[in-house]
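This report concerns only the one structure given below.
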Amino acid sequence: MKTLILASLVLAALGANQATAPPAGPTVHIKDFAYHAATLTVAPGTTVHFVNDDGEAHTVTAVNKSFDSAGLDNGDGWKHTFTKPGTYAYFCALHPYMKGVVIVRATGGTKP
């Protein structure tokens, strides 16, 4: 009985009894100097994850300056919650030709 209790404690300490949930919300990957998906439609309150899969640093900077990730190195991630309906254009401050748009619609879901 003591062995069973000890084994349970060890497994619990190692996190074996905890489920790992995938990140909620859509993800925009930054790769080959582009945002994938470049246009994303979401519902208000959606958190969008941005992940830099590129070998160069990039940013996610709103054209209207309402959000800015600062520099993201390879493997870095950043997230932003879009609370109000509207169209949010963004770009990379380091590579201004890189552009994307998040459209927030009250009746929308996510679509690539």
The residue that is nearest to the chain's Cα centre (by Cα), considering only those in the range 61-70 that are small (G, A, S) and surrounded by fewer than 14 Cβ atoms within 10 Å (Cβ to Cβ), is A70
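Which of the residues belonging to the range 88-107 are among the hydroxyl-bearing types (S, T, Y) and either over 20 Å from A38 (Cβ atoms) or surrounded by 13 or more Cβ atoms within 10 Å (Cβ to Cβ) (or both)?
Listed by number, the residues that qualify are Y88, Y90, T107.
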Of everything in the range 34-59, what is surrounded by fewer than 19 Cβ atoms within 10 Å (Cβ to Cβ) and not aliphatic (A, V, I, L, M)? Give them in sequence order. H36, T39, T41, P44, G45, T47, H49, D53, G55, E56
Would you be able to say whether some residue in the range 74-83 is part of a loop (DSSP other than H, G, I, E, B), at pLDDT 95 or above, surrounded by fewer than 15 Cβ atoms within 10 Å (Cβ to Cβ) and within 12 Å of the chain's Cα centre (by Cα)? yes
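The values are calculated or read from the model by the stated rules, or taken from the named source; none is laboratory data. Small disclaimer: the values here were computed from a predicted structure and weren't measured. With ideal geometry, Cβ positions are generated from the backbone for all residues, glycine too; neighbour counts draw on all protein chains shown.
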